[in-house]
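Take a look at the structure below.
Please treat every number below as a calculation from the coordinates, not as lab data. Since the structure is predicted, the reported quantities are computational estimates derived from the model, not experimental observations. Note: ideal-geometry Cβ built from the backbone for every residue, glycine included; neighbour counts use all protein chains shown.
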DNA sequence: TATTGTTATACTCTATAACTATA
DNA sequence: TATAGTTATAGAGTATAACAATA
């Protein structure tokens, strides 16, 4: 991840790819002390916001396969951050929930991640930072929209 | 690559990741008819802009390993788009150059890719599209800068 | 019959190590 | 000794197929 890019920076693909990768490196470093990966951090974020969730639904939220989520939850459970409770209304599924320890871990991690994001965005004026996130949000929401997808 | 994201869209990582992935899907589809991958397309772009280049330098431009570039150039050579000439000033290295056929292929591919980019950015007003690319360029350039990297 | 979580397996992508030919 | 290109190999990451338990 380095080197001049010249004409490649005229294309959106390399721009998004390099930006994502550079940001990912900072995030992974920021999460270092927590023992969390970006993926397991994301799982905690979703679980806190949306309460008890099945493993499959949690996976869908992250855009990953449910078989991939197994190892993520294994890791979070070993860390004591998540509990695999049975969903009493559908005993095939779990009702995954954050433990108090998980909530505390999430707060520490979120601080570190937001700090990394701040450092990453530092070269931009505040207005541009907000505009960037707003633009990306618009694009991501429309891209997932079937209305737009067939275009 | 679908589903509501809710609170994950507050974080820059998922935003960049989803945007990159959605754009990549469009690009791959756009390149369908050309037989090019995003990576080999990028190689053609660089070769056209920077003239004859060694395989290792071409790889460095793309931020990939030189061993990964071997297969990319194999593919481009098979397609008749690139010629592996020996560099007469250093006979270990190649002086890779576009063929006329490669130039024509690149023009077709660039049209398709730019079309895909246009469709992807469609949800944004023109001013926001320019602002987005400008912001990403700034971030990517600073992120590669050792001055910023140690921060 | 269909679905949840699980495992085993395969596939894709990419880098590391070791080789050759040149320098 | 060091570097350019190549190959074989290994590793990370993820998905597909098949299974047990439950619906």
Exercise. On a 0 to 90 degree scale, rounded to 10, what angle separates helix B:66-78 from the longest Cα axis of chain B?
Worked result: 70 degrees
For this session: Could you state the angle between the C-alpha long axis of helix B:126-144 and the longest principal axis of the C-alpha atoms of chain B, as a value from 0 to 90 degrees rounded to the nearest 10?
Result: 60 degrees
Exercise. For B:45-53, what's the mean count of beta carbons from other chains sitting within 10 Å of each residue's beta carbon?
Worked result: 2
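Return the calculated 222 nm mean residue ellipticity for chain A, to the nearest 500 deg cm²/dmol, obtained by summing -39500 (n - 2.57) across DSSP H runs with n ≥ 4 and dividing by the residue count.
Taking each H run of at least 4 residues, the total per residue is -21000 deg cm²/dmol.
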Seminar exercise, completed: Mean other chain Cβ within 10 Å across A:121-132 is 4
For this session: Compute the label-point distances linking residue B:66 to its equivalents in the other copies; points lie 7 Å from Cα along Cα→Cβ; give nm, one decimal, shortest first.
Result: 4.8
Problem set entry | FRET efficiency estimate (nearest 0.05) - Cβ-Cβ, residue A:25 to residue A:114, R0 22 angstrom | 0.85
Problem set entry | Calculated label separations, residue A:118, copies of the chain, 7 Å along the beta-carbon direction, nm | 4.2
For this session: Quick one: among A:75, A:21, A:114, which has the greatest mean-square fluctuation in a GNM of chain A with alpha-carbon springs under 10 angstrom?
Result: A:21
Problem set entry | Gaussian network model of chain A, Cα within-10 Å springs - most flexible of A:105, A:96, A:15 | A:15
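Peptide A:20-29: average number of partner chain Cβ atoms within 10 Å per residue?
For peptide A:20-29, the averaged partner shielding equals 5.
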Exercise. Can you give the relative contact order of the range B:8-146 as a percent, counting alpha carbon pairs under 8 Å and 6+ residues apart?
Worked result: 25 percent
Exercise. Once both axes come from the Cα atoms, what is the angle between helix B:12-31 and the longest principal axis of chain B, in degrees from 0 to 90, rounded to 10?
Worked result: 50 degrees
